[in-house]
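> Dropping the structure in here first, questions after.
Every read-out reported here was derived from the displayed coordinates using simple, explicitly stated rules and does not represent laboratory data. Remember, predicted model here, so these are calculated numbers, not experimental data. Every residue, glycine as well, gets a Cβ built from its backbone with ideal geometry; the counts of neighbours run over all protein chains shown.
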Amino acid sequence: MPRNYSEKLLLDVYKEGQTELGKILALACVKNNLPAIYVAKVFGVSRMSIHSWFRGSDIRGKNRKKIEEFLDQIEQDVKAQILPALTLSEAKKYIESIINKE
């Protein structure tokens, strides 16, 4: 069962001027109702890694490119009104569709 994002993370995510890739990813996930456990599956990492990225930890080069592509996909899907996911089942289906494309 996916966990909700903590209040502390949400406060950090919505601070002005976030430029770190992990924090930009966090904002996109929060705004589009994509739980970290599902997002972790896209990158083949643990939920803990996702949360570390959200808080500004270093991201390996191979994952940086994947994150940038994922963010581009999210942006396109917001414009196409596919996102934000309204339910957890929609979020899971969205993530599965991305994984199946690869």
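> Mind checking whether some residue in the stretch 54-71 is within 12 Å of the chain's Cα centre (by Cα) and without any contact (Cβ under 8 Å) to a residue 40 or more places away in the chain?
yes
> What is the one condition in (1) over 11 Å from the mean Cα position of the chain (by Cα); (2) of a type outside the set (Asp, Glu); (3) within 20 Å of Lys101 (Cα to Cα) that Leu11 does not satisfy?
The one condition Leu11 does not meet is (3).
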